[in-house]
Amino acid sequence: MKRLLSVQIAREEDVVVARQRARQVAEALGFEAQDQTRIATAVSEIARNAVRYAGGGQAGFSLDSHKRLLIVTVSDRGAGIPHLQSVMDGNYRSETGMGLGIAGSRRVMDEFEIHATPRGTTVRMAKRLH
């Protein structure tokens with residue numbers, strides 16, 4: 001796996017940067033415009049959660065050339081995600097938002113894994129290269 005770049009996420013402005021980098025990486029890898037938007041949106045939603053609920057984190061972009069995947073990993077050191085199953089099912093509504101960022105991101109990516117503990121959360125998303 002080849003690491004492409006990483007983006008520190010500490011403020012709302014960094015979420016915008018992460019979204020822009022996601023689109024740029026997707027474009028450079030030959031994704032069509034619609035998939036570029038899907039990838040950028042998923043990264044933006046998860047990065048925004050890292051800022052809002054965990055005080056920030058990091059987004060890493062990697063390429064798995066053997067499996068032909070763009071892999072994005074967003075991690076933070078927050079307190080985890082209560083009600084994770086409800087969030088994953090799209091049934092949870094947070095007090096600060098719609099609660100659909102994680103479930104929506106999961107729907108637009110080809111692979112989606114989330115590991116939440118009281119010491120942090122890691123989201124790994126992947127989109128297949130065509």
Step by step: find N for the chain, compute 2.2 N^0.38 Å, then divide the Cα radius of gyration by it. What's the final number?
0.98
Determine, from the Cβ-Cβ distance of residue 12 and residue 110 and an R0 of 25 Å, the FRET efficiency 1/(1 + (r/R0)^6), rounded to the nearest 0.05.
0.35
Volume per residue of the C-alpha convex hull in the range 19-58, rounded to whole Å³
47
Full extension from residue 130 to residue 2: what is 0.36 nm times the residue separation minus their Cα-Cα distance, to one decimal in nm?
44.3 nm
In percent, how large is the relative contact order of the chain, given Cα pairs closer than 8 Å and 6 or more residues apart?
26
For the chain, what does the accessible surface come to per residue with a 1.4 Å probe? Please give it in Å².
57
Simple spin-label model, 7 Å along Cα-to-Cβ: residue 91 to residue 65 in nm?
4.5
Computed lengthening from residue 77 to residue 32, 0.36 nm per intervening residue step minus Cα-Cα distance:
12.9 nm
Once the Cα atoms of helix 12-28 and of the chain are each reduced to a long axis, what angle between those two axes, in degrees from 0 to 90 to the nearest 10, is obtained?
30
Of the heavy-atom accessible surface of the chain (probe 1.4 angstrom), what whole percent is carbon and sulfur?
47
Dipole moment magnitude, nearest 20 debye, the chain about Cα centre, only Lys, Arg, Asp, Glu C-beta charged
220
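The values are calculated or read from the model by the stated rules, or taken from the named source; none is laboratory data. It should be emphasised that the depicted structure is a prediction, and the values quoted were computed from it without experimental measurement. Here Cβ is always computed from backbone atoms with ideal geometry, including for glycine, and neighbour counts include all displayed protein chains. Protein only, heavy atoms only, side chains kept; ligands, DNA and RNA dropped before computing areas. Shrake-Rupley method; radii C 1.70, N 1.55, O 1.52, S 1.80 Å.
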